[in-house]
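Here's the structure, in structure tokens; my notes come after.
The values are calculated or read from the model by the stated rules, or taken from the named source; none is laboratory data. None of the values given here were measured: they were computed from a predicted structure. Cβ coordinates were reconstructed from backbone atoms using ideal geometry, including for glycine residues, and neighbour counts include every protein chain displayed. The area values use the complete protein model at the heavy-atom level, side chains included, leaving out ligands, DNA and RNA. Shrake-Rupley method; radii C 1.70, N 1.55, O 1.52, S 1.80 Å.
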Amino acid sequence: MTSIQNKLKHSQKRIAQAAKNASREPQEINLLAVSKTKPISDIVEAYQEGQRLFGENYVQEAEIKIRALKETYADIEWHFIGPLQSNKTKTVSQLFHWVHTLDREKIATRLSEQRPDTLPPLNVCIQVNIGKEITKSGVQCNEIITLAKHISTLPNIQLRGLMAIPSANVDEQKARLELAQLHSSFIALKQLYPQIDTLSVGMSQDLELAIEYGSTLVRIGSAIFGARKNKKET
Ligand SMILES: *Cc1c(COP(=O)(O)O)cnc(C)c1O
């Protein structure tokens, strides 16, 4: 077995164990394989092991991969998880099934307008800035409902839940506080919009803690595909 297949299996085991520890069903938690900066051959390897959800951060890079894999691997579900500028919304709305990083009304409107009529609505998550870091994207907790209301008026995008990237390098107590706050925002939103079913949080380092706080989708990159070289790209 190849190393990607081993690491994918190991990540699945971590998810199952974390679910068990949190008294949750492992099937409630989806694994998104984050393939940014990695070659197409790595995606195919994970696919052959049964992986179907893939996450990409950079529009240009993703476009090449998605077009290359579209025909042969038509059942891959593509998730956009990078920062989204308005000049890239058209490509994203045409190629992806999901966008996790929605944090502005203007971007939401554009995605809905540009989503091709031949495709089902684009699934979106509102990105929440739970660490309240000024440099990071995402809305504050008290702004979620306003953006959700706007999204609910748009025909070609469908609100599915919340996404967050917890603060890096904080102590466990702070990390728990952030995740607890995110989870209660998720529950509150679900009460208003019953179709909400996705809490996108947890990465290679912190998936166990995220699952403890209700994550339904963990985004795993390096634990499956290995460490990334530093690469800046948009
Ligand atoms: C890169 C990235 C991940 C994956 O991170 P790993 O630490 O490699 O698992 C998850 N979510 C987002 C938004 C990312 O940009």
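Could you please state, rounded to a whole Å, how far the C-alpha centre of segment 143-209 is from the C-alpha centre of segment 23-80?
A separation of 21 Å, based on Cα centres.
Where the only charges are on Cβ atoms (+1 Lys, Arg; -1 Asp, Glu), what is the dipole of segment 39-150 about its Cα centre, to the nearest 20 debye?
Around 460 debye, computed over segment 39-150.
How large is Rg/Rh for the chain, to two decimals, with Cα atoms and a Kirkwood Rh?
Numbers: Rg = 16.9 Å, Rh = 18.0 Å.
Using Cα coordinates only, the ratio equals 0.94.
Would you pull out the residues with amide H under 5 Å of VAL34's amide H, same chain only if 5 or more places away, H placed 1.01 Å from N?
When sequence neighbours closer than 5 places are left aside, the close amide H contacts are GLY55, ILE220, GLY221.
At a 10 angstrom cut-off on C-beta neighbours, averaged per residue, how do the peptides 108-114, 40-46 rank from highest to lowest?
Final packing ranking: 108-114, 40-46.
Amide H of GLY214: which non-local residues (sequence gap of 5 or more, or other chain) have their own amide H closer than 5 Å, using H built in the peptide plane?
none
Given the options HIS100, HIS150, HIS183, which has the most mean-square fluctuation in a GNM of the chain, springs set between C-alpha atoms less than 10 angstrom apart?
With Cα springs under 10 Å in the chain, the top fluctuation among HIS100, HIS150, HIS183 is at HIS150.
Could you give the size of the charge dipole of segment 3-225 about its Cα centre, using +1 on the Cβ of each K and R and -1 on the Cβ of each D and E, expressed in debye and rounded to the nearest 20? Kindly include the intermediate steps, with their values, before the conclusion.
Numbers: 26 positive and 24 negative charges, 34 e Å.
Using Cβ point charges on Lys, Arg, Asp and Glu, segment 3-225 gives about 160 debye.
Estimate the FRET efficiency between LYS9 and ILE40 by the formula 1/(1 + (r/R0)^6), using the beta-carbon distance for r and 25 Å for R0, to the nearest 0.05. Intermediate results must be reported in sequence, preceding the final value.
On the way: r = 21 Å, r/R0 = 0.85.
The pair LYS9/ILE40 has a calculated efficiency of 0.75.
Just how many % of Cα pairs in segment 8-99 lie over 16 Å apart, if you round to the nearest whole percent?
Summing the P(r) of segment 8-99 above 16 Å gives 56 percent of all pairs.
Can you tell which of SER23, SER222, SER137 shows the greatest fluctuation in a Gaussian network model of the chain with Cα springs below 10 Å?
SER23
Which of ALA46, ILE76, THR118 sits closest to the plus end of the dipole of segment 1-159, meaning its Cα is farthest towards the positive end, when Lys and Arg get +1 and Asp and Glu get -1 on the C-beta?
Value computed over the given set: ALA46.
Would you please put 82-94, 62-74 in order of how densely packed they are, using the mean number of other Cβ atoms within 10 angstrom per residue and starting with the highest?
Packing proxy ranking, top to bottom: 82-94, 62-74.
With a 1.4 Å probe and all protein chains kept in place, how do HIS10, HIS97, HIS79 rank by accessible area, largest first?
Largest accessible area first, the list is HIS10, HIS97, HIS79.
Treat each spin label as a single point 7 Å out from the Cα along the C-beta direction, and report the LYS190 to GLN85 distance in nm.
Distance between label points: 3.7 nm.
Defining a contact as two alpha carbons under 8 Å apart and six or more residues distant in sequence, what relative contact order in percent does segment 83-123 show? List each step's numbers first, then the result.
Details: 39 pairs, mean separation 19.9, N = 41.
Reported as a whole number, the value is 48 percent.
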